[in-house]
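Peer 1: The structure that follows is given in the form of structure tokens.
The values are calculated or read from the model by the stated rules, or taken from the named source; none is laboratory data. Computed from a predicted structure; not experimentally measured. Here the Cβ positions follow ideal geometry from the backbone for every residue, glycine too, while neighbour counts run over all protein chains shown.
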Amino acid sequence: MGPVLFLVMINDLLDEWPDRWKCVDDSTATESVMVDCSSNLQDLVDYIYNWTVTNNMKLNVTKCKEMILDFGRVKRNFPALLIENTEVERVNSAQILGVTIQTKMNWNEHVNKIVKKSGKRLYMLRQEIKFKAKRLIISSVSFSFSTFGQQLSTFVTIMVLIETDRSILTPYNLITMILLFLNINNVVLFEIPTGIHFTTNIIIALTRIQHFLESYEFMDATIDKDRVPAGNHDQSECVETSTEEMKASGNVNCTPHVWLDNVSCNLPPSGVSNLQENSISLLKDISFKISSKGMVIITGSVGSGKSSLLACILNKELRVIKGTIKRAGSIAYVSDKPWVFPGTIRQNILFGSAYDEKWYLEIVKACQLEKDLKGFPELDLSRIGEHGATLSGGQRARLALARAVYSRADIYLMDDPLSSLDAKVAENIFKNVLKSMLSERIVFLVTHKHFNEADYIIMLDKGAVVAQGTMEEVKKEMPEDKENIVKHIDNDPHHVEDGDDPAQTEQLREAEEDRQVGNVSIKVHAKYFTHGAPVSILFLMLLANVAGQGLILWIDIQVSTLPNLVKQTEKFHTALYVYPVSLIAAVLVTTLAKCCIFLLPIRANYELHNKMVSCLLQVPSHFYAVNPPGRILNRLSQDINNLDDLLPFYLVNFFHNAALCPGAIILCLMSNVLLTPLVIITFIISFGLSKIFFNSAMDIKRLMSQAGGPLYSHFSNTMEGLRIIRVHNRRKEFTKVLLSLTDRHHEAMYAYYAASRWFGLAFDVVFSVFLIIVSTTELYSVTDSSTAVIASMAILYSFQSAVDIVGTTRSVVEVQAQMTSGERILAYTEIKPEKGHEINEQPPKDWPVAGKIEFKNVSLRYYENGPKALKDMSFQINSSEKIGIAGRTGAGKSSLVAALMRIGETEGDIIVDNMNIEYLNLQSTRQQISVISQSPDLFSGSIRENLNPTGGINDSEIWSVLDQMQLSFLVRSLPGKLDHLCIGGGTNFSIGQRQLFRLARVLLKQNKIIIFDEATGKVDKKTAEQIQNVIHDVLKDCTVIIISHRMTTIQRCEKIMVLEQGSIVEFDKQHVLLNRQKGFLSELVRIANEGKMY
């Protein structure tokens, strides 16, 4: 049943479910467009993973730790990844885009303070831990009552018999009474509660699955009423028709076309299962007809609805509330964030299509991939790591473009695919691909460039078309109050989004996951449990558990003597007083011991979780490059879950059964010492069976844990590229792979269950023989009523010992199996941190004062024995200088920043204000440098928390900086003002506004050294100019390093540094470099100018 439901849910995701997990447009995507199955940690790990591979070096420790805390502690069973609309999942989904792109080291000294703040996420974390603790305490009390149920029932019955008729209290009646209550106890206090527990879980799971399957699907949107038969509500049949289908149907209008007539679109909040008026409006009254081949450029200011329009044309991605869409012809789509999947480069390009060598090679050449393929050991058959691990950002962009072109579609939708390429490459691809290979196709291109090359232009503003037609028609049609849109469209040359340094990704290979064999070592157990309690407490817990079980044995022995004391009034009354006192003591001791045992893993998991988080945030960047996100995700989710939810119960069962076994055997031997050889033989056989089962079960459990990593990875990768998978109709292929990985996980699970059944059957056979022999021996050893009671108790305890030994063995196996998760987590707590964390030397309080930077023969490797990204670099930046860094992709621009931030293995001396930073504490050094990157994500919290994360700045200073950033009017107009929430990583603000908020945060931080790493790459010209004014006016006393491919961005800098292959080739004032006819900067400017196509 489970796999069937899983298949239905996956098909529902891949086929009809809205594209809620990703931004539909630059500024309109909010928390409601996030699918809750895209959990926090996956985005965090993907972010770290991509950061380490593409060398963008913009990881914020504070946010990452919050995200890991959110994900790692909140229950994340795999089916729950498909469920939405719970409070925990809504809060976590709001964090997806909340990673602030700062350097890895900013505010790290305040991490613990921030994490300990009573925010909603941490509140939920604490509530979860409290809930689990309460649940385990209740479970321990319930477990104790089920343990002592038979004794309590026997005591009450004996008291009733004493007051009515003592003569009934005979040995035979007593044994019958004990057996009866034992069976009733098992059914009433164990089997029924267990059944209720599992039934409740099943009902909850089915309810959540039902909720998912009934989630809103765009079934009634975008219907072409002229072509839809009555009662047909499948919009894929209503709107999308291929050219071949139209020809076959005899439709005369068989040419590819896209017609929108008065279309308005919105996006319902996540989890909404019906139409609601409060849906998010994205597009308003859009109308155009494109019926002929050519290039259609979609442009507009940030947040104007460009990506939303592409989603509308794609169909099934937005809810059309008004108007008609008619579309004929197959479609190919290239997203603004290039998506690749694990596999070979050829598989990514073919994407399930047949291999046409001539067409394939032509596309590889046109997309400028030939040179890149030669750098891979197996050319296009080289495997791509998870999330494009072995590719740079530019390579991923060209690969995604090649995939679209290879499909030979009729209509191409491209969301600014050239923005991540440098001028020369972008120019070549534009000419060879867009204007040549696709000249006979309809191409919709989102861009701010190439207007003179366009056959049709659609200009958007606030979700509406303000002008459309040819370039001349657009200029005439443009309203006067919208002319500023044209002015602020980017007229600069191409720029590069990624700062990819090939040295960082070269020859990186996914590391094999370490897999232990055999049993988990005692050392691992000791490390794990000492994280939960000191050794002395552990000893007391063990002693209390043994004492409680010992009292149970003593009570049962005393009960067996009561019939013989009926006529001895004084002794009988003494026994009656001792019985309840002993019983109460046993209940209290056992309950206390079980409570402690239940809570021990919770405490250990909490400590290990935080320790693992700290270690993951201090590991070298190379760790994330060779360990795929799914592997890290598996340890931070499933392994933590196993230890949280399963280990406490198995641990209690183990101590319970293990403490009862010796008593049962002792009582058996007390009744008949001749049974000693039988007990020894049975023990040896049991031990042999257990050893065989142990080794197999441990290996199978490890295989189960490892099989979960690829499953998580494929699922998250599919979610990331879901829109492309649907557009190219590759749902079945990805579903097949997903089910194959699920089967692999279930195969290991089935093997474990089969081994368990074998073990149980073998033990049943052994102990059946044991019980037959014991019962026969005891029957022949009975001489009177007193020995009959002892013999009966011996038989009863022999049966119980069989149950306890099997239970003990299974509990040991399960504890060992769950401890494989502890073993994997402990391995992550022992990862060697980056060099520099262990240094205690702190820089002076106000350091750096001048902001002077000097590199002396600095080289950089991103990992040990890796290629050099920087080579013997020496230069000096004076106080308050503004330095521009230029160079082609892979020249080493971002690596220079990495060296300054001490990311990777550096050689040489880096001196800041006469202090060698190599001898200073790593985190303290990083605290003093601010980095603003191209991706302007914000924390999912209030504006105040984003601007003042450490809480050390008053509101008047914040408002003053907001005035400087021209954001005060916007903030004052918001409900809550500074307390207004930034949801979905700040997607309720435009990219330009988010970048200004980021800059405001830097101004409030008041660091002396500030780095802008392609900070204006995704903003319009107006915002870029505003940032430039801040750099040269507000930050005039700061040392500023600006990395950019835009010449206008760095032209006001005092000096420009040009890098090539990790070395400085030019470093001087701009006019000096431009006067060199064959200089590197002159060449870059020439290429950039040639890249202009207007």
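Peer 1: Being of a type in the set (D, E, K, R) and over 29 Å from Trp339 (Cβ atoms) is true for just one of Arg702, Arg730, Arg726. Which residue is that? Explain how you work it out, then say what you get.
Peer 2: Numbers: Arg730 fails: over 29 Å from Trp339 (Cβ atoms); Arg726 fails: over 29 Å from Trp339 (Cβ atoms).
None of the others qualify; the one that does is Arg702.
Peer 1: Just wondering, is there one or more residues in the stretch 369-377 that are within 22 Å of Arg726 (Cα to Cα), at pLDDT below 80 and either among the small types (Gly, Ala, Ser) or assigned to a helix (DSSP H, G or I) (or both)? If you could, list the steps in order and put the result at the bottom.
Peer 2: Filtering the stretch 369-377 down to residues within 22 Å of Arg726 (Cα to Cα) leaves none.
No, every residue in the stretch 369-377 fails to be within 22 Å of Arg726 (Cα to Cα), at pLDDT below 80 and either among the small types (Gly, Ala, Ser) or assigned to a helix (DSSP H, G or I) (or both).
Peer 1: Would you mind stating whether Ile458 is more than 30 Å from Ala827 (Cβ to Cβ), of a type in the set (Val, Ile, Thr), in contact with a His (Cβ under 9 Å, 6 or more places away or on another chain) and at pLDDT 70 or above?
Peer 2: Criteria not met by Ile458.
Peer 1: Enumerate the pairs (first residue in the stretch 711-722 and within 10 Å of Phe734 (Cβ to Cβ) and not assigned by the TED database to the domain that holds Asn348; second residue anywhere and of a type outside the set (A, V, I, L, M) and in a helix (DSSP H, G or I)) with beta-carbon separation below 7 Å, excluding pairs fewer than 6 apart on the same chain, so at least 6 apart or on different chains.
Peer 2: Listed pairs, sorted by first residue: Thr718/Phe734.
Peer 1: Would it be correct to say that Ser740 is over 30 Å from Leu180 (Cβ atoms), among the hydroxyl-bearing types (Ser, Thr, Tyr) and free of Cβ contacts under 8 Å to residues at least 40 places away in the same chain?
Peer 2: Details: over 30 Å from Leu180 (Cβ atoms): yes; among the hydroxyl-bearing types (Ser, Thr, Tyr): yes; free of Cβ contacts under 8 Å to residues at least 40 places away in the same chain: yes.
For Ser740, the condition - over 30 Å from Leu180 (Cβ atoms), among the hydroxyl-bearing types (Ser, Thr, Tyr) and free of Cβ contacts under 8 Å to residues at least 40 places away in the same chain - is met.
Peer 1: If a residue must be polar (S, T, N, Q) and either surrounded by fewer than 20 Cβ atoms within 10 Å (Cβ to Cβ) or in contact with a strand residue (DSSP E or B) (Cβ under 8 Å, 6 or more places away or on another chain) (or both), how many such residues does the stretch 691-705 contain?
Peer 2: Counting residues in the stretch 691-705 that are polar (S, T, N, Q) and either surrounded by fewer than 20 Cβ atoms within 10 Å (Cβ to Cβ) or in contact with a strand residue (DSSP E or B) (Cβ under 8 Å, 6 or more places away or on another chain) (or both) gives 2.
Peer 1: Still on this model: Can you tell me how many residues within the stretch 742-771 are over 17 Å from Val813 (Cβ atoms), over 32 Å from the mean Cα position of the chain (by Cα) and modelled with pLDDT of 85 or more?
Peer 2: Total satisfying the criteria: 2.
Peer 1: Got a sec? Which of Ala802, Ala791 is crowded, with 20+ Cβ neighbours inside 10 Å and either aromatic (Phe, Trp, Tyr) or farther than 29 Å from Phe598 by Cα (or both)?
Peer 2: Values: Ala802 fails: either aromatic (Phe, Trp, Tyr) or farther than 29 Å from Phe598 by Cα (or both).
None of the other options fit; the residue is Ala791.
Peer 1: Determine whether Ile1043 is modelled with pLDDT of 80 or more and closer than 24 Å to Asn428 by Cα.
Peer 2: Details: modelled with pLDDT of 80 or more: yes; closer than 24 Å to Asn428 by Cα: yes.
So Ile1043 fits the description; yes.
Peer 1: Does Arg346 satisfy being among the charged types (D, E, K, R) and either in a helix (DSSP H, G or I) or at positive phi (or both)?
Peer 2: On the way: among the charged types (D, E, K, R): yes; either in a helix (DSSP H, G or I) or at positive phi (or both): yes.
The answer is yes for Arg346.
Peer 1: Given the structure, is Asp422 crowded, with 21+ Cβ neighbours inside 10 Å, modelled with pLDDT under 80, closer than 30 Å to Ile1011 by Cβ and in contact with a strand residue (DSSP E or B) (Cβ under 6 Å, 6 or more places away or on another chain)?
Peer 2: Numbers: crowded, with 21+ Cβ neighbours inside 10 Å: yes; modelled with pLDDT under 80: yes; closer than 30 Å to Ile1011 by Cβ: yes; in contact with a strand residue (DSSP E or B) (Cβ under 6 Å, 6 or more places away or on another chain): no.
No: the conditions fail for Asp422.
Peer 1: Okay, next question. If you check Leu974 against the conditions, is it assigned to a loop (DSSP other than H, G, I, E, B) and under 25 Å from the mean Cα position of the chain (by Cα)?
Peer 2: no
Peer 1: Hey, Asp846 hits all of (1) under 29 Å from Asn186 (Cα atoms); (2) free of Cβ contacts under 8 Å to residues at least 12 places away in the same chain but one; which does it fall short on?
Peer 2: With (1) under 29 Å from Asn186 (Cα atoms); (2) free of Cβ contacts under 8 Å to residues at least 12 places away in the same chain applied to Asp846, the lone miss is (1).
Peer 1: OK, next. Go through the stretch 425-454 and count every residue that is surrounded by 15 or more Cβ atoms within 10 Å (Cβ to Cβ) and either of a type in the set (Lys, Arg) or not in a strand (DSSP E or B) (or both). Explain how you work it out, then say what you get.
Peer 2: Step one: list which residues in the stretch 425-454 are surrounded by 15 or more Cβ atoms within 10 Å (Cβ to Cβ), which gives 425-430, 432-435, 437-438, 441-451, 453-454.
Next cut, either of a type in the set (Lys, Arg) or not in a strand (DSSP E or B) (or both) only: 425-430, 432-435, 437-438, 441, 447-451, 453-454.
Qualifying residue count for the region: 20.
Peer 1: Quick one: which residue in Tyr797, Tyr780, Tyr863, Tyr828 is surrounded by fewer than 17 Cβ atoms within 10 Å (Cβ to Cβ) and aromatic (Phe, Trp, Tyr)? Steps first, please.
Peer 2: Details: Tyr797 fails: surrounded by fewer than 17 Cβ atoms within 10 Å (Cβ to Cβ); Tyr863 fails: surrounded by fewer than 17 Cβ atoms within 10 Å (Cβ to Cβ); Tyr828 fails: surrounded by fewer than 17 Cβ atoms within 10 Å (Cβ to Cβ).
Only one candidate passes the filter, namely Tyr780.
Peer 1: If only one of Asn840, Asn857 is surrounded by fewer than 17 Cβ atoms within 10 Å (Cβ to Cβ), assigned to a strand (DSSP E or B) and either among the basic types (Lys, Arg) or in contact (Cβ under 8 Å) with a residue 12 or more places away in the chain (or both), which one is it?
Peer 2: Working: Asn840 fails: assigned to a strand (DSSP E or B).
Matching residue, one of Asn840, Asn857: Asn857.
Peer 1: Residues in the stretch 879-903 that are outside any strand (DSSP E or B) and either touching an Asp or Glu at 6+ places or on another chain (Cβ under 9 Å) or free of Cβ contacts under 8 Å to residues at least 60 places away in the same chain (or both): how many? Before you say what the answer is, go through the steps one by one.
Peer 2: Of all residues in the stretch 879-903, those outside any strand (DSSP E or B) come to 879-881, 887-903.
From what is left, the residues that are either touching an Asp or Glu at 6+ places or on another chain (Cβ under 9 Å) or free of Cβ contacts under 8 Å to residues at least 60 places away in the same chain (or both) are 879-881, 887-895, 897-899, 902-903.
Number satisfying all stated conditions: 17.
Peer 1: Something else about it: Among Ser768, Ser713, which is small (Gly, Ala, Ser) and surrounded by 17 or more Cβ atoms within 10 Å (Cβ to Cβ)?
Peer 2: Working: Ser768 fails: surrounded by 17 or more Cβ atoms within 10 Å (Cβ to Cβ).
Of Ser768, Ser713, the one residue that is small (Gly, Ala, Ser) and surrounded by 17 or more Cβ atoms within 10 Å (Cβ to Cβ) is Ser713.
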